[in-house]
Every structure is written in structure tokens, then in C-alpha cells.
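Chemist: Here's a structure for you.
The values are calculated or read from the model by the stated rules, or taken from the named source; none is laboratory data. All values reported here derive from a predicted model rather than from experimental measurement. As a convention, Cβ positions derive from the backbone with ideal geometry for all residues, glycine included, and neighbour counts pool all protein chains shown. In case anyone asks, the SASA skips ligands and DNA or RNA and just uses the protein heavy atoms, side chains included. Shrake-Rupley method; radii C 1.70, N 1.55, O 1.52, S 1.80 Å.
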Amino acid sequence: CDLLMVNLVDTEAAQVVVDKIKEKDVPVVFFNREPQNTEIIKGYEKAIFVGTTAKDAGIIQGKMIVDLWNADAKWDKNGDGKMQYVMLQGEATNPEAIARTEYSVKTVEEAGITTEKLEFQICDWDQDKAQQAVEAWWSKHKDGIEVIIANNDGMAQGAIAALNGQGYNTGDAEKYVPVYGVDATAAAQDLINKEQMSGTVLQDAVGMATALYTTGMNLAEGKDAIEGTEYAFDETGFSVRIPYQEYKK
């Protein structure tokens with residue numbers, strides 16, 4: 001083949017993958033999941049990465065939560081001055097998931113808000129697993145859960161389904177728990193417009209696909225990946241970053 005585009009399921013396997021590709025002298029665009037050791041990509045001159053800056057999704061999530069929390073004292077339901085939250089994480093070793101989890105909470109805390117993590121669950125990006133987790137947590141904490149943070153919209157949907165089962169997030173402003181996701185899927189946008197979900201982070205799928213195609217075709221034709229484009233490599237010298245954007249009503 002003339003070009004490979006690889007979304008690494010196992011980000012720790014990058015060295016093995018790069019070595020196999022390098023043997024055949026084929027250009028490769030890694031995308032979406034960034035290898036944990038980025039020096040591996042740097043070690044092959046025909047390899048680049050196209051993706052996001054992982055922590056940015058968490059930072060944007062965190063900023064939306066800060067805005068909501070500071071806008072109305074009612075979100076501190078028990079009046080203890082702390083934000084009681086639960087976290088739904090995508091995967092245990094995925095750098096994107098880890099960064100979203102870390103920086104969403106870190107951003108809230110850096111804004112001067114004290115947090116208390118009530119529960120945490122790895123749900124593998126899965127809606128059903130997230131729903132089951134929130135259902136279990138609700139039986140324990142009920143509306144002591146003040147904010148639900150999910151690494152993606154699928155898990156946020158699962159959380160909202162669990163809340164709906166308890167009569168929450170169905171249109172009654174008094175029975176509402178803020179839920180935040182990432183991806184800005186059509187389903188999440190619909191839930192936000194219906195005021196069942198508070199916000200999400202837009203991952204620009206069209207922008208990502210365009211960057212993959214443009215840089216990939218350049219590599220396949222033996223050119224520099226960003227030649228004749230508006231893209232620029234970041235400080236790594238081989239990564240093209242597609243920015244996130246907040247999405248809320």
C-alpha cells in the first residue's frame with residue numbers, strides 16, 4: 001500500500017507497530033489515540049500524528065462546570081461549599097481519557113472550587129456501563145451527586161438515562177443534575193437543546209478527517225505532510241492538532 005492510517009487501540013504497542021511499518025518504508029499517519037511515548041513517532045521520518053491536545057477537552061469541560069457552579073448557589077445542594085461529583089472514565093490506559101479526567105477536575109479546583117469525588121468508574125466509553133454505574137451510585141448517594149463528568153457523550157447519555165429513571169433531568173428544573181460529556185454527538189446536542197444535559201466538548205470530526213486526508217495524500221505522494229496546507233506542526237515537529245470547542249445551550 002502507499003499509505004497507512006492507524007488508530008492505535010493499544011497505545012503502548014506503538015513501537016512494535018512503527019517497527020513493522022518502517023521495515024516496509026511506508027508512510028503512516030497515526031490519529032486519535034496518541035502513543036504514550038511520542039518519541040516512537042519521531043524516530044520514523046515518514047510518520048506523523050493528527051489529533052487533539054488531550055488535556056484541552058478536560059480544561060473546556062472544567063470551565064463550563066465552573067461557569068455553571070459560580071452562576072447559582074443552588075448547585076451546591078447541601079450547602080457545604082464543596083462540589084460533590086462522580087466521574088465516568090473511558091479507558092484505564094488511554095491518554096485521552098486520563099487527560100480528560102485529570103484536567104476537568106483540575107480546572108475546577110484551580111478556579112477556587114473545592115471538590116469531593118464521590119465515585120469513579122472505568123466504563124470503556126460504553127453507554128450501558130455508565131448507566132449501570134450511575135444507577136448504583138444513585139441508590140447510594142441520590143441527589144447528593146451534584147455534578148456528573150463523563151469522558152464522552154455516550155457515557156453521558158448513559159448517566160442521563162439513569163437519572164431519567166429516577167425522575168431527574170426530564171424537564172423539572174428542581175430535579176436536575178448537571179451532566180457533561182465530550183464529542184458533541186447529535187444525540188448529545190439534542191439532549192442539551194432539551195435541557196437534559198448541561199454541556200459537551202465539540203471534537204471537530206470534519207476538521208479531523210480533512211487533516212487526515214490532506215496530510216496523508218501528501219505523504220503518499222512523497223511530499224512533506226503539511227506542504228501546501230494551512231496546517232502547522234506543534235512543538236513536537238510531527239503532530240497536527242485539531243482544536244476542541246465548547247458546546248452548550
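Chemist: So if a site counts as exposed when it's one of the GluC sites (Glu not before Pro), its DSSP state isn't H, G, I, E or B, and it has at most 14 other Cβ atoms within 10 Å, what's the longest stretch of the chain without one?
Modeler: 46-173
Chemist: State the label only: which of [x] 64, 46, 29; [y] 47, 39, 34; [z] 61, 32, 31 corresponds to Cα extents along the principal axes in Å computed from the shown model?
Modeler: The value computed from this structure is option [z].
Chemist: Can you tell me how the stretch 22-138 classifies by the Cα gyration tensor, rounded, prolate or oblate, using a/c under 1.5 as the rounded cut?
Modeler: Prolate.
Chemist: Report the net charge of residues surrounding residue 96, where surrounding means a beta-carbon distance below 9 angstrom and charges are Lys +1, Arg +1, Asp -1, Glu -1.
Modeler: 0
Chemist: Roll a 1.4 angstrom probe over the protein heavy atoms and tell me the percent of accessible area of the stretch 145-189 that is carbon or sulfur.
Modeler: Ligands and nucleic acids excluded, carbon and sulfur give 43 percent.
Chemist: Starting from the 7 Å offset along Cα-to-Cβ, what nm value, one decimal, do you get for the label separation of residue 124 and residue 72?
Modeler: 3.8
Chemist: Right, another one. Ignoring ligands, DNA and RNA, what accessible area per residue does the chain give at 1.4 Å, in Å²?
Modeler: Per residue, the chain has an accessible area of 47 Å².
Chemist: Still on this structure: For the cross-link pairs 74/249; 117/175; 74/106; 142/249; 20/106; 74/117, which exceed 29 Å when the distance is taken from alpha carbon to alpha carbon?
Modeler: Over 29 Å apart, Cα to Cα: 20/106.
Chemist: Using +1 at the C-beta of Lys and Arg and -1 at the C-beta of Asp and Glu, which of 120, 40, 73 has the Cα lying farthest in the positive direction of the dipole of the stretch 24-148?
Modeler: Of the options given, the answer is 40.
Chemist: Find the centroid of the Cα atoms in the stretch 33-67 and in the stretch 164-233, then give the distance between the two in whole Å.
Modeler: Between the Cα centre of the stretch 33-67 and that of the stretch 164-233, the gap is 15 Å.
Chemist: Work out how much length residue 248 to residue 236 would gain on full extension: take 0.36 nm times their residue separation and subtract the Cα-Cα distance, in nm to one decimal.
Modeler: 1.1 nm
Chemist: Probe 1.4 Å, all protein chains in place: accessible area of residue 28 in Å², nearest 10?
Modeler: Probe radius 1.4 Å; accessible area of residue 28 about 0 Å².
Chemist: Still on this structure: Explain nothing, just the number: dipole magnitude of the stretch 92-249 about its Cα centre with +1 on each Lys and Arg Cβ and -1 on each Asp and Glu Cβ, in debye rounded to the nearest 20.
Modeler: With only Lys, Arg, Asp and Glu charged at Cβ, the dipole is about 360 debye.
Chemist: With +1 on each Lys and Arg Cβ and -1 on each Asp and Glu Cβ, how big is the dipole of the stretch 76-150 about its Cα centre, in debye rounded to the nearest 20?
Modeler: 160
Chemist: If you fit an axis through the alpha-carbon atoms of helix 54-71 and take the longest principal axis of the Cα set of the chain, what angle between them do you get, 0 to 90°, nearest 10?
Modeler: Tilt of helix 54-71: around 20 degrees.
Chemist: Hey, another quick one. Give the shape of the stretch 87-207 as rounded, prolate or oblate, defined through the alpha-carbon gyration tensor: a ≥ b ≥ c are the square roots of its eigenvalues, a/c under 1.5 means rounded, and otherwise the shape is prolate if a/b is larger than b/c and oblate if not.
Modeler: In terms of gyration-tensor shape, rounded.
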